[in-house]
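Worksheet: the structure to be examined is printed underneath.
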Amino acid sequence: GANITHTSRIALAYNIRIREHYFGTNAHKVQEGDLLLIARNNYNYTYELFNGNIVKVIAAQSDNEVEKKTIHIKLGRGKYNEVDLYFRNVTFAFRYRGESVTLSAKILDNFLDRPEGQLDGDILRAMVIDFEERLPSEIKSNLYGIRKYLRSNKADDSRIKELAEAYKNHLLKDPYYNAVICKYGYAMTCHKAQGGEWENIY
């Protein structure tokens with residue numbers, strides 16, 4: 001069954017209570033048997049994950065194994081905002097084109113229990129900064145030119161064009177930047193429920 005609500009905040013409250021009912025109050029943030037709702041399309045794995053898909057967790061890193069990255073975002077005038085990103089390795093099962101499949105991926109833990117319907121700007125910026133910090137040095141030292149080229153599609157220098165292509169390739173393969181964005185899947189908004197099918201709705 002699915003619990004359909006009209007705001008993300010109410011959906012989150014239901015999700016927390018339902019998880020407490022199934023797993024108790026000391027449960028890990030994600031664990032075997034959990035239902036997750038994909039909140040953003042992701043084409044970077046063997047099987048595409050679509051916004052609104054429900055997947056079932058069959059294995060997950062425990063809370064103490066989650067990888068934490070602290071990212072400093074420049075605010076100007078020597079001020080920084082610190083953003084903590086949390087990544088967890090999870091294996092889940094779902095239906096894909098009529099078949100039962102399993103997939104192992106990183107998920108971004110931050111989004112699971114946030115009331116917002118989408119990622120906020122600080123988290124998105126932190127994910128880009130984290131990705132760019134791990135790039136090979138030649139790409140990293142030409143980021144200004146690469147960004148300019150990606151915005152305008154014009155380059156005075158053919159090397160910048162090559163580096164921009166390499167940048168895009170790294171971006172497509174990066175397991176952190178492409179972490180799966182998901183929420184708990186026991187309750188959801190009407191908006192997210194569109195296209196889903198359930199035997200019982202309450």
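Structure notes:
- Note on His21: accessible area is roughly 140 Å² with a 1.4 Å probe, heavy atoms of protein only.
- Remark: relative contact order (the chain) = 32 percent; criterion is Cα-Cα distance under 8 angstrom and separation of 6 or more residues.
- 222 nm mean residue ellipticity, helices alone, for the chain (DSSP H n ≥ 4; -39,500 (n - 2.57); rounded to 500): -9500 deg cm²/dmol
- Potential lengthening of the chain between Thr7 and Asn153 amounts to 48.6 nm, from the contour at 0.36 nm per residue minus the alpha-carbon distance.
- Qualifying GluC sites (Glu not before Pro) in the range 90-179, where qualification requires a DSSP coil assignment and no more than 15 other C-beta atoms within 10 Å, comprise Glu116.
- Cβ-Cβ FRET estimate between Leu75 and Glu99, R0 fixed at 35 Å, reported to 0.05: 0.15
- Summed over the residues of the chain and divided among them, the accessible surface reaches 60 Å² per residue at a probe radius of 1.4 Å.
- In loop segments of the range 43-132 as defined by DSSP, the trypsin sites (Lys or Arg not before Pro) with at most 13 further C-beta atoms inside 10 Å of their C-beta are Arg77, Arg97.
- In the structure shown, the pairs Lys56/Lys106; Lys140/Lys183; Lys29/Lys56; Lys29/Lys74; Lys148/Lys168 are assessed against 22 Å; a Cα-Cα span above that value is assigned to Lys140/Lys183; Lys29/Lys74.
- Of the GluC sites (Glu not before Pro) found in the range 1-86, those that fall in a DSSP loop while having at most 15 other beta-carbon atoms within 10 Å are Glu32, Glu48.
- A 1.4 Å probe, protein heavy atoms only, puts the accessible area of Thr46 near 120 Å².
- The share of Cα pairs per 5 Å bin across the range 5-51, counted from zero up to the longest distance, runs 5, 17, 21, 19, 19, 13, 7 percent.
- For the range 1-133, the fraction of 1.4 Å probe accessible surface lying on carbon and sulfur atoms is 45 percent.
- Cα Rg over Rh - the chain, Kirkwood: 1.02
- Accessible area (Å², 1.4 Å probe, nearest 10) - Ser62: 30
The values are calculated or read from the model by the stated rules, or taken from the named source; none is laboratory data. This is a predicted model, so every value here is computed, not measured. Here the Cβ is made from the backbone with ideal geometry for all residues, glycine too, and neighbour counts use every protein chain on show. Note: accessible area is taken over every heavy atom of the protein model, side chains too, but ligands, DNA and RNA are not part of it. Shrake-Rupley method; radii C 1.70, N 1.55, O 1.52, S 1.80 Å.
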